[in-house]
Structure formats: structure tokens, C-alpha cells
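Participant: Here's a structure for you.
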Amino acid sequence: MCRLGLTKAELMQLGAKLGADVPFFIFGDSAFASGIGDQLTAWENPFKLNIVLINPFFPLSTKLVYQASI
């Protein structure tokens, strides 16, 4: 990855400094996230679920979305 000579774990640790969701995309597989989203556990999807991401085409504050879902 990026030919920096770093392990995936090292890249994920660096990525977490950029944003809590960055390690998930470096991880590159289905996963359960904990902590601030940077602690990942691989998940083997036995249901072969399809996931749809929806873009509402207007900005949303991640903080407010998570606060509203509690």
C-alpha cells in the first residue's frame, strides 16, 4: 500500500490520525468497528448481504447524526 514499506496495521494507525473512518478503508474488508471506529474485527458475512449507501446531496454533521441516533 502506497509503497511506503509499512504494514497494514501501521497504515491504519497513521490513518486514524487523519480521521476515525480512515482505518476502515485501509482494512479493506467487512468489519465490526469499535472505539472511535478505529478498532476493527473482520466479519465474515454469512448472509451475503448487499449494502446500499445513500447520498442525500446535502451536508450532514457526523456528530449530530450519531447524537440523534442514541
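Participant: Taking a cut-off of 20 Å between Cα atoms, list the lysines near Lys63, but don't count ones fewer than 8 places away on the same chain.
Facilitator: Lys17
Participant: Okay, next question. Pairing the Cα long axis of helix 8-18 with the longest principal axis of the chain, what angle in degrees results, from 0 to 90 and rounded to the nearest 10?
Facilitator: The angle comes out near 50 degrees.
Participant: Beta carbons within 10 angstrom, averaged per residue: use that to sort the peptides 47-57, 20-30, highest first.
Facilitator: Top of the packing list down: 20-30, 47-57.
Participant: Next question, about the same structure. Could you tell me the relative contact order of the chain? Use alpha-carbon pairs under 8 Å, at least six residues apart, and round to a whole percent.
Facilitator: 18
Participant: For volume of the Cα convex hull per residue in Å³, several values are listed as [x] 121; [y] 95; [z] 144; flag the one computed from this structure.
Facilitator: Of the listed options [x] 121; [y] 95; [z] 144, [z] comes from this structure.
Participant: Something else: Taking 0.36 nm per intervening residue step and subtracting the Cα-Cα distance, what contour gain separates Trp43 from Glu10 on full extension?
Facilitator: The Trp43-Glu10 span can extend by a further 9.8 nm.
Participant: At 1.4 Å probe radius, can you tell me the per residue accessible area of the chain in Å²?
Facilitator: Accessible area per residue, the chain: 91 Å².
Participant: With all protein chains present, how much of the accessible area of the chain (probe radius 1.4 Å) comes from carbon and sulfur, to the nearest whole percent?
Facilitator: Heavy-atom surface of the chain belonging to carbon and sulfur, 1.4 Å probe: 63 percent.
The values are calculated or read from the model by the stated rules, or taken from the named source; none is laboratory data. This structure is a prediction, so every number in the text was calculated from the model and none was measured. With ideal geometry, Cβ positions are generated from the backbone for all residues, glycine too; neighbour counts draw on all protein chains shown. These accessible areas exclude ligands, DNA and RNA; they are computed on the full protein's heavy atoms, side chains included. Shrake-Rupley method; radii C 1.70, N 1.55, O 1.52, S 1.80 Å.
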